[in-house]
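Below: the structure, in structure tokens.
The values are calculated or read from the model by the stated rules, or taken from the named source; none is laboratory data. Source: prediction; values computed, not measured. Backbone-built Cβ (ideal geometry, glycine too); neighbour counts: all protein chains shown. We work out accessible area using only protein heavy atoms, side chains counted, and drop any ligands, DNA or RNA first. Shrake-Rupley method; radii C 1.70, N 1.55, O 1.52, S 1.80 Å.
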Amino acid sequence: MTTILIKNGRVIDPANKIDKVTNVFIENGKIKSVGPKTPKANKTIDAKGLIVTPGLIDMHVHLREPGKEDEETIASGTAAAINGGFTSVACMPNTDPAIDNEASAEFVYLQAKRAGKANVFPIGAVTKGRKGEEISEMGQLFRGGAVGFSDDGAPIKSAEVVRRSLEYSKMFDKPIIDHCEDMDLIRDGTMSEGSVSVTLGLVGMPPVSEEIMVYRDIALAKLTDGKLHIAHISTKRAVELVRQAKKGGIKVTAEVTPHHLTLTDDYVKTSDFNTNYKVNPPLRTKSDVEALKAGLKDGTIDAIASDHAPHAEEEKDVEYNVAPFGIIGMETLLPVVLTELVHKKVITINQLVASLTVNPARILGIPKGTLSVGADADVTLIDLNKEWVIDPAKFKSKSRNCPFAGWKVKGKAVSVIIAGHVI
Amino acid sequence: MTPDKKFVWTQTHLLGLENLSAQEITHILDTAESFKEISTRNIKKVPTLRGKVVVNMFVEPSTRTRMSFSLAAKRLSADVVDFSPSTSSLSKGETLKDTARNIEAMGIDIAIIRHTAPGTPHMLSRIIDASVINAGDGAHEHPTQGLLDIFTMREQKGRIKGLKVAVVGDIMHSRVARSNIWGLTKLGAEVIAVGPPTLIPQQIRELGVKIAYDIDKVIPEVDVINILRIQLERQRSKFFPTVREYARLFGINSERLRHAKKDVMIMHPGPINRGVEITPDVADGTHSVILRQVTNGLSVRMAVLYLVSGQPKAEEAE
């Protein structure tokens with residue numbers, strides 16, 4: 001019998017409304033107890049001064065396998081996840097080929113098992129081949145283990161397809177996760193439309209392109225009573241739309257990325273067109289950032305996710321117009337958000353932990369994100385006060401497209417336990 | 001005007017006018033003034049950049065800017081290498097970064113780059129040690145065009161401060177407009193952007209520019225009309241219904257000019273779409289300084305090459 005005692009840590013488990021200095025006891029890969037008892041264990045971890053949370057979940061990552069294994073693999077991506085403090089990730093299906101059938105979802109589980117690191121939950125494509133035309137075999141994908149459906153990387157253009165997918169997915173109680181942007185308004189945009197894009201002569205992506213689609217999807221969620229999740233929300237108005245929809249009882253949830261919470265479009269200019277600030281949705285303005293923070297604080301935004309999007313150096317190190325969108329984020333999410341939001345008292349540590357544990361677990365309907373007795377013993381230990389400098393060269397991810405290089409941060413995940421194994 | 005000898009030029013690149021001070025812009029203009037005379041000599045050559053190698057990296061088509069830079073470099077006795085994407089390794093899929101590094105390995109001192117992507121000269125300046133001159137990066141900046149426009153205005157009007165300049169046409173896609181706006185506003189001119197709302201981003205106001213949609217209301221009050229080329233290749237998004245309607249609403253013709261100030265200056269960076277943004281009689285008329293702009297481009301580019309090369313002795317140019 002394998003047992004672990006994590007003692008004297010500040011245990012924060014929002015699922016069970018726990019926030020106190022106490023002990024967590026693990027037996028055979030499951031949580032056995034949370035409380036002051038100090039049962040004898042094979043291994044004891046002194047967590048004095050550390051935060052002990054349910055294993056963190058990053059509900060939106062791109063692991064690139066199959067198809068772009070030079071950028072990331074399920075093995076390297078899960079190593080990066082663990083290095084960032086995550087015990088579970090949900091990966092998007094915009095691989096090549098797309099994860100749009102049962103076998104491909106099972107492939108993700110198989111590769112994750114081979115890698116033997118973090119838990120990986122595949123998100124299946126909403127439409128066959130992510131072409132936006134016909135809904136995929138969602139039932140088969142669900143059977144293969146898909147925990148949600150998304151054509152992420154691209155929006156679902158057809159409102160009819162969104163409607164049918166919201167209706168159909170109700171059978172499995174899994175969300176439709178939409179990347180909201182109206183492509184007709186986006187054209188070949190490379191950054192948010194505004195005074196910075198005008199100054200730089202870069203084609204802008206107007207914020208309204210996101211808001212139109214968020215509104216459309218919410219209207220369809222209301223019509224269908226389906227579960228809608230807005231991926232990487234980025235504008236002030238979109239946050240307001242979600243807020244109002246929630247008040248109206250519509251089943252909508254939303255996630256935000258650390259970069260949209262901390263960076264603005266000014267960085268494109270001050271960095272002299274550094275492509276590590278080229279993301280989609282694009283970095284917005286200060287007022288959008290403030291609205292995102294407010295949305296996180298008042299619960300309008302449920303989760304923080306990295307949208308970890310690895311790209312090979314040679315792909316990013318090109319002219320701004322032709323560089324792909326996206327940055328890596330699993331290894332910077334926690335320190336950046338701790339530094340910029342928790343230590344600066346924008347949100348509490350409890351809110352942060354909820355946004356990375358119980359909330360994404362609830363959205364995806366996965367049995368994770370809690371220290372409830374009998375739950376899988378996935379645990380993250382966080383040193384809230386560890387000061388360090390972000391150096392992408394030390395990351396476990398295969399890619400280095402990180403805009404936070406050189407940032408002085410405070411806070412780090414120092415250890416993770418997955419199914420009772422200390423990693 | 002002669003350059004201020006006490007002023008110390010510190011820039012090793014010319015990436016745009018946005019990041020230059022009014023003093024630096026004036027210094028370039030004054031330096032260009034001192035180079036003007038060289039082009040009038042029988043032998044139009046000085047040894048200023050002898051032994052230096054200049055590469056023309058024009059990844060986007062160009063006639064006048066490319067020739068102007070070539071001639072300017074040759075008049076300063078630099079060796080000039082031309083590079084074009086269709087005959088280079090770029091057409092074989094090599095990245096610009098690798099191409100630039102290879103070119104630099106051959107001992108380049110100054111790289112002049114034109115590219116469709118905004119920010120490419122900035123990227124290049126991070127990759128190579130040579131000085132980089134932006135010869136137009138997408139819709140971002142075209143600093144030497146801005147400088148030669150301002151130089152020509154100053155030459156003709158004797159001042160920039162207080163001038164009212166209308167920049168007419170496709171502001172949205174124009175690098176010339178942006179460089180003009182940065183340069184002119186820094187030197188105290190008033191700039192009015194004129195064109196249909198689809199081609200004038202509202203945020204341009206934040207650069208200190210007024211916006212007008214009726215050219216006929218603007219013409220009587222301005223000293224300079226700088227007409228931009230209508231980029232017909234951008235028309236897939238239909239920024240205006242037809243070229244004919246654009247010509248009716250914004251084309252500069254002699255009828256419209258009757259309401260202008262007597263000494264109004266007509267400028268155009270070229271190439272001209274005759275009969276669209278400007279009628280032939282205006283393009284070739286007495287108010288037009290279009291060819292003067294081309295001539296002045298040489299002096300301005302000689303000045304820029306000279307300054308970024310870090311040549312310490314102005315007297316070498318003499």
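Structure notes:
- The one condition in (1) farther than 16 Å from A:Asp288 by Cα; (2) in contact with an Asp or Glu (Cβ under 9 Å, 6 or more places away or on another chain) that A:Leu241 fails to fulfil: (1)
- The range A:130-151 - residue that is part of a helix (DSSP H, G or I) and not aliphatic (A, V, I, L, M) and, of those, most open to solvent (accessible area, probe 1.4 Å): A:Arg143
- Being in contact with a Cys (Cβ under 9 Å, 6 or more places away or on another chain) and touching a residue at least 24 places away in the same chain (Cβ under 8 Å) is a property that A:Ile230 has.
- Filtered residue count, the range A:366-388, keeping only those that are closer than 18 Å to A:Lys17 by Cα, in a loop (DSSP other than H, G, I, E, B) and either touching a Pro at 6+ places or on another chain (Cβ under 7 Å) or in contact (Cβ under 8 Å) with a residue 24 or more places away in the chain (or both): 10
- Which numbered condition A:Glu240 fails, given (1) surrounded by 23 or more Cβ atoms within 10 Å (Cβ to Cβ); (2) within 30 Å of A:Phe404 (Cβ to Cβ); (3) not hydrophobic (A, V, I, L, M, F, W, C): (1)
- When A:Glu137, A:Glu193, A:Glu160 are checked against the criterion of being of a type in the set (Asp, Glu) and free of Cβ contacts under 8 Å to residues at least 12 places away in the same chain, A:Glu160 stands alone in meeting it.
- For the range B:1-119, the helices (runs of 4 or more DSSP H) that sit wholly inside it and include 2 or more residues that are closer than 21 Å to B:Ile150 by Cα are B:22-36, B:64-75.
- Single residue of the range B:107-165 satisfying the filter (within 14 Å of chain A (Cβ to nearest Cβ) and hydroxyl-bearing (Ser, Thr, Tyr)) that is surrounded by the fewest Cβ atoms within 10 Å (Cβ to Cβ): B:Thr116
- Looking across the range B:265-294, the residues that are polar (S, T, N, Q) and modelled with pLDDT of 95 or more come down to B:Thr279, B:Thr286, B:Ser288, B:Gln293.
- Of all the listed residues (A:Ala79, A:Ala154, A:Ala159), the sole one being of a type in the set (Gly, Ala, Ser) and either farther than 28 Å from A:Ala238 by Cα or buried (at least 19 other Cβ atoms within 10 Å of the Cβ) (or both) is A:Ala79.
- Enumeration of residues in the range A:358-372 that are open to solvent by less than 10 Å² (accessible area, probe 1.4 Å) and out of contact with any helix residue (DSSP H, G or I) (no Cβ under 6 Å at 6 or more places or on another chain): A:Pro360, A:Ala361, A:Ile363, A:Leu364, A:Leu371
- Only one of the numbered conditions (1) open to solvent by 20 Å² or more (accessible area, probe 1.4 Å); (2) touching a residue at least 40 places away in the same chain (Cβ under 8 Å); (3) part of a helix (DSSP H, G or I); (4) not hydrophobic (A, V, I, L, M, F, W, C) is violated by B:Glu206, and that is (2).
- Pair list, Cβ under 9 Å, 6 or more apart: the range B:143-170 residue more than 26 Å from B:Glu37 (Cβ to Cβ), other residue part of a strand (DSSP E or B) and acidic (Asp, Glu): B:Gly162/B:Glu190; B:Lys164/B:Glu190; B:Val165/B:Glu190
- Residue that is nearest to the chain's Cα centre (by Cα), among those in the range B:166-177 that are part of a loop (DSSP other than H, G, I, E, B) and within 14 Å of chain A (Cβ to nearest Cβ): B:Ser174
- When restricted to residues that are open to solvent by 30 Å² or more (accessible area, probe 1.4 Å), away from chain A (no Cβ under 14 Å) and modelled with pLDDT under 85, the range B:85-104 contains 5.
- Test: residue in the range A:322-332 that is in a loop (DSSP other than H, G, I, E, B), touching a helix residue (DSSP H, G or I) at 6+ places or on another chain (Cβ under 6 Å), more than 14 Å from chain B (Cβ to nearest Cβ) and closer than 24 Å to A:Glu240 by Cα: no
- Failed condition for B:Thr63, given (1) within 15 Å of the chain's Cα centre (by Cα); (2) more than 14 Å from chain A (Cβ to nearest Cβ); (3) open to solvent by less than 30 Å² (accessible area, probe 1.4 Å): (3)
- Selection of the range A:1-19 for residues being of a type outside the set (Asp, Glu) and open to solvent by 30 Å² or more (accessible area, probe 1.4 Å) yields A:Met1, A:Thr2, A:Lys7, A:Asn8, A:Arg10, A:Pro14, A:Ala15, A:Asn16, A:Lys17, A:Ile18.
- Within the range A:332-351, being open to solvent by less than 10 Å² (accessible area, probe 1.4 Å) and of a type outside the set (A, V, I, L, M, F, W, C) holds for A:Thr332, A:Pro335.
- Among the residues of the range B:194-217, those identified as of a type in the set (A, V, I, L, M, F, W, C), under 16 Å from B:Phe239 (Cα atoms) and within 14 Å of another protein chain (Cβ to nearest Cβ) are B:Leu199, B:Ile200.
- Checking B:Thr26, B:Thr10 one by one, the residue that is of a type in the set (Ser, Thr, Tyr) and crowded, with 18+ Cβ neighbours inside 10 Å is B:Thr26 and no other.
- Some residue of the range B:150-163 being under 19 Å from the mean Cα position of the chain (by Cα) and part of a strand (DSSP E or B): no
- Test: residue in the range B:66-81 that is within 15 Å of the chain's Cα centre (by Cα), at pLDDT 95 or above, within 24 Å of B:Leu17 (Cα to Cα) and within 14 Å of another protein chain (Cβ to nearest Cβ): no
- Unique residue being over 20 Å from the mean Cα position of the chain (by Cα) and hydrophobic (A, V, I, L, M, F, W, C) when the list is A:Ile57, A:Ile18: A:Ile18
- In the set (1) in a helix (DSSP H, G or I); (2) within 13 Å of chain B (Cβ to nearest Cβ); (3) buried (at least 24 other Cβ atoms within 10 Å of the Cβ), A:Leu202 fails one condition alone, (1).
- Among the residues examined, A:Lys174 qualifies as part of a loop (DSSP other than H, G, I, E, B) and either within 14 Å of another protein chain (Cβ to nearest Cβ) or crowded, with 22+ Cβ neighbours inside 10 Å (or both).
- Among all positions in the range A:235-244, there is at least one residue which is within 24 Å of the chain's Cα centre (by Cα) and farther than 29 Å from A:Thr332 by Cβ.
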